Each structure stands twice: as C-alpha cells, then as structure tokens.
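S.K.: Here you go, one structure.
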Amino acid sequence: MDTVSESAEQTQYLTFVVAGEACALSLLEVKEIIEYDPTLTTVPAMPPSLRGVINVRGNVVPVIDLAVKFGLPSSPITKRTCVVIVEVGLEGERCAMGVIADSVSQVLSFSPYDIVPLPAFGTRIRMDYLKGLGKIGKHFVLILDLDRVLSFQEFRAA
C-alpha cells in the first residue's frame, strides 16, 4: 500500500486518562477541551455519573463523570482535570456534552491495522462502551464508543 492511501485511512484520536485508564475518542467527536470548573450546577434526581451542567458560550452542557459511569471510583479533581466537550447523537439529534478527564495526553493517529478487537476479558470498562483497542507500542488505549457511553436510553432508565 502506498503512503498516500495509507495516511488517508488513518484516524486521529484524542487520548486522555479516566481513573487510571488510557482512553481515546475520535478527534471528529471532540469540539473543545476546557478547564474543569468546580462550580458545576447540580441537577437533582439525575444519575450519579451526571456531575451537573455548565454554561459553554450560552449553551447548557451536561457534564458526565466517566469514571463513575464505568463503575470506577471518581478521581480527585486536580489542576490537570479538564472537561472534553464532545458531540453525540441523542435521539437523532446532535448534542454537546462534557466528559471529565483526569488529564489529556495527546492526539494520536491510528490506522485500521493499529486497532485490535476487544478481548473477552481484561478491562474494567463495559465491552459495549468500546470500539476497540488502539496499539501504542507495547501498550493499548481504550477507544470509546461515545454514542453508547452517553446513550439517551441509559439516562432515561436512570
């Protein structure tokens, strides 16, 4: 395969850490990264993973604690904690949501050959929340399926 068509097949991912797990999102899903603001407005009777809402340029954006969503302990807030603003499909519409990251790492490019299928074991995160594992040398990063992680059906059920 020539380098032109190989580079065209590569997809860029934003990598970040949630509760000690290296995770990644397609860069096309990421709208921006903002500093964590501890003055989130809490919303009563919401699932524990919904930390609250923030104002992003006049828009109300729900903020999800992915660690809690994954059934892991919530990480302490540090100066590296940030909110990754993403766009997901909820009931046929595109919606902005924020996800809390312990820290943002880097943007990486993965070719389809760098993404391996999920094993039947070995991750603390539900398998249906993942698209696959991205290979980085000898290590892997969990590639999240945001539309499943932030599905409206799960919020409705809660």
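Just so it is clear, none of the values below were taken in a lab; they were calculated from the coordinates. Given the structure is predicted, the values throughout are model-derived calculations rather than measurements. Note that each Cβ is placed from the backbone with ideal geometry, even for glycine, and that neighbours are counted across all protein chains shown.
S.K.: To make sure I understand, if each residue's beta carbon is the centre and we count other beta carbons within 10 Å, what order do V60, V53 fall in, fewest to most?
M.R.: Starting with the residue having the fewest Cβ neighbours, the order is V60, V53.
S.K.: For the chain, build the charge dipole from Cβ charges (+1 Lys, Arg; -1 Asp, Glu) around the Cα centre, then report which of G89, P117, F140 sits farthest towards its positive end.
M.R.: F140
S.K.: Tell me which label goes with the value of percent of Cα pairs over 29 Å apart computed from the coordinates here: (1) 29; (2) 17; (3) 23.
M.R.: (2)
S.K.: Using the charge dipole of the chain (Lys, Arg: +1 at Cβ; Asp, Glu: -1 at Cβ; taken about the Cα centre), state which of Q106, G71, I33 has its Cα farthest towards the positive end.
M.R.: G71
S.K.: Tell me, T15, T41 in order of fewest to most beta-carbon neighbours within 10 Å?
M.R.: Numbers: T15 20, T41 11.
Least crowded to most crowded, the residues run T41, T15.
S.K.: Keeping to pairs on different chains or 8 or more places apart, tell me how many lysine pairs in region 3-157 have Cα atoms under 26 Å apart. Please list the in-between numbers first.
M.R.: On the way: K31/K69; K31/K79; K31/K131; K31/K135; K69/K79; K69/K131; K69/K135.
Taking the Cα cut-off of 26 Å, the pair count is 7.
S.K.: Let me know the charge dipole size of region 14-125 about its Cα centre in debye, to the nearest 20, where only the beta-carbon of Lys, Arg (+1) and Asp, Glu (-1) is charged. Write down the numbers at each step before the final one.
M.R.: Details: 8 positive and 11 negative charges, 42 e Å.
Value, rounded to 20: 200 debye.
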